[in-house]
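The values are calculated or read from the model by the stated rules, or taken from the named source; none is laboratory data. The shown structure was predicted, so the numbers you read here are calculated from the model rather than taken from an experiment. Using ideal geometry, Cβ is built from the backbone for each residue, glycine included, and neighbour counts are taken over all protein chains shown.
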Amino acid sequence: MKKYLIITTINSPNKVLKDIAEQCIANDNYLIVVGDKKTPGDFELNSAIYLSIEKQLEFYEDFARILPLNHYSRKNLGYLYAMSQSADYIHETDDDNIPLASFWKEPSVPKLSANSKKNVWYNAYGHFLNNDLIVWPRGYPLEMVKQSNCLFPEPAVKLKTLVYQGLVNGNPDVDAVYRFTGTLPINFLDNDTIQLGKNVWCPFNSQNTIFLAEAFPLLYLPSTCSFRMTDIWRSFIAQRCLWEMDAGIAFHSATVYQERNEHLLLRDFEDEIAGYFGNEKIKGLLENCNLSKNDIFANLQVCYETLARHKYFEMKEIDILNQWIISCKKTGKH
């Protein structure tokens with residue numbers, strides 16, 4: 001399989017990035033680093049494919065110009081480059097995640113699933129924790145945090161897995177409310193990979209995530225929402241579209257350890273407010289979308305247009321999305 005690892009950074013190559021670059025060589029992975037306006041102009045990392053702003057414009061001028069600068073959504077250009085190089089799967093992480101040895105192995109096929117006939121939230125982190133510890137992923141509705149998971153893993157995997165969310169030890173992806181009130185660091189249990197069935201919702205992020213080729217169009221990160229919501233709202237849309245493909249997402253044990261870059265927690269909290277108030281409503285809107293069987297691009301458009309009409313995205317998001325779709329099709333992967 002042709003594997004691409006994608007990271008975006010505004011920093012000079014740090015110890016983590018240098019280590020990742022070396023391990024990519026050792027493990028037959030291609031590394032793409034996506035730059036932004038703040039990335040040092042002399043950025044250079046051994047063996048990495050570095051997409052500067054100039055390279056982004058050279059390769060994907062129309063899409064690169066419509067994406068905002070100084071935004072995490074510039075990572076979309078790395079996805080496109082990997083697609084154009086006939087990637088079989090795309091793995092993404094951040095520049096403050098230290099890979100464990102298991103990071104470089106292909107994820108195990110899930111033998112367990114959480115299934116439901118009605119639409120429910122499921123805290124997938126709970127599958128990898130002792131029962132007395134309450135931790136929830138960023139994007140999980142606060143009103144659901146203290147409610148016990150109503151689903152129990154069962155050996156009945158009915159969907160193909162096209163997206164894998166790996167957990168993160170140390171300083172995992174939790175929201176600002178947890179960071180103000182909970183305990184860190186956290187080390188998750190090494191439990192069996194678990195797939196989420198149709199109608200079962202859980203946010204996933206972009207910190208340690210694998211997309212297989214059939215799901216590549218769902219990588220799209222929206223630009224007209226806050227930084228703290230772009231990958232979370234992407235995940236809700238991706239899950240809804242995957243169900244129409246008889247596919248789903250699986251969560252697996254931690255394969256990286258995070259030493260978190262500096263954050264202002266109050267700013268994180270402010271950026272997450274739209275999610276605290278909106279995630280349950282977004283779930284309902286997506287559930288009511290009339291999607292087509294196996295038409296991934298049309299389904300993306302329906303989902304984003306629905307959320308834009310309800311003011312979760314600006315209407316210009318649709319223009320950016322349409323350019324993404326055009327660019328995806330040009331890669332020849334879809």
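A few points about this structure:
- Leu167 among the hydrophobic types (A, V, I, L, M, F, W, C) and crowded, with 21+ Cβ neighbours inside 10 Å: yes
- Only one of the numbered conditions (1) surrounded by fewer than 19 Cβ atoms within 10 Å (Cβ to Cβ); (2) closer than 24 Å to Ala101 by Cβ; (3) touching a Gly at 6+ places or on another chain (Cβ under 6 Å) is violated by Asn149, and that is (2).
- Looking at Ile32, Ile49, Ile7, just one residue is of a type in the set (Val, Ile, Thr), modelled with pLDDT of 95 or more and over 17 Å from the mean Cα position of the chain (by Cα), and that residue is Ile49.
- Residues that are assigned to a loop (DSSP other than H, G, I, E, B), polar (S, T, N, Q) and more than 15 Å from the chain's Cα centre (by Cα) within segment 184-215 comprise Asn187, Asn191, Thr193, Asn199, listed in sequence order.
- Candidate set: segment 283-320, residues that are among the polar types (S, T, N, Q) and touching a residue at least 40 places away in the same chain (Cβ under 8 Å); chosen: the one surrounded by the most Cβ atoms within 10 Å (Cβ to Cβ): Asn299
- Filter result for Gly139 (assigned to a loop (DSSP other than H, G, I, E, B) and modelled with pLDDT of 95 or more): yes
- Selection within segment 121-143: residues that are surrounded by fewer than 17 Cβ atoms within 10 Å (Cβ to Cβ) and over 16 Å from Asn191 (Cα atoms). The member of this set that is nearest to the chain's Cα centre (by Cα) is Leu142.
- Segment 225-248, residues that are under 24 Å from Gln301 (Cβ atoms) and assigned to a loop (DSSP other than H, G, I, E, B): Cys225, Ser226, Phe227, Met229, Glu244, Met245, Asp246
- Index of the failed condition, Ile232 passing every other in (1) crowded, with 18+ Cβ neighbours inside 10 Å; (2) aliphatic (A, V, I, L, M); (3) over 14 Å from the mean Cα position of the chain (by Cα): (3)
- Each residue in segment 81-110 was checked for being surrounded by 24 or more Cβ atoms within 10 Å (Cβ to Cβ) and either more than 15 Å from the chain's Cα centre (by Cα) or without any contact (Cβ under 8 Å) to a residue 40 or more places away in the chain (or both), and 2 of them qualify.
- Odd one out for Phe251, checked against (1) part of a loop (DSSP other than H, G, I, E, B); (2) in contact with a strand residue (DSSP E or B) (Cβ under 7 Å, 6 or more places away or on another chain); (3) farther than 24 Å from Leu77 by Cα; (4) among the aromatic types (Phe, Trp, Tyr): (1)
- Exactly one residue out of Val157, Val168 is modelled with pLDDT of 95 or more, of a type in the set (A, V, I, L, M) and within 29 Å of Ala101 (Cβ to Cβ), and it is Val168.
- Assessment of segment 271-282 against the conditions (out of contact with any His (no Cβ under 9 Å at 6 or more places or on another chain), loosely packed, with under 13 Cβ neighbours inside 10 Å and not small (Gly, Ala, Ser)) yields at least one matching residue.
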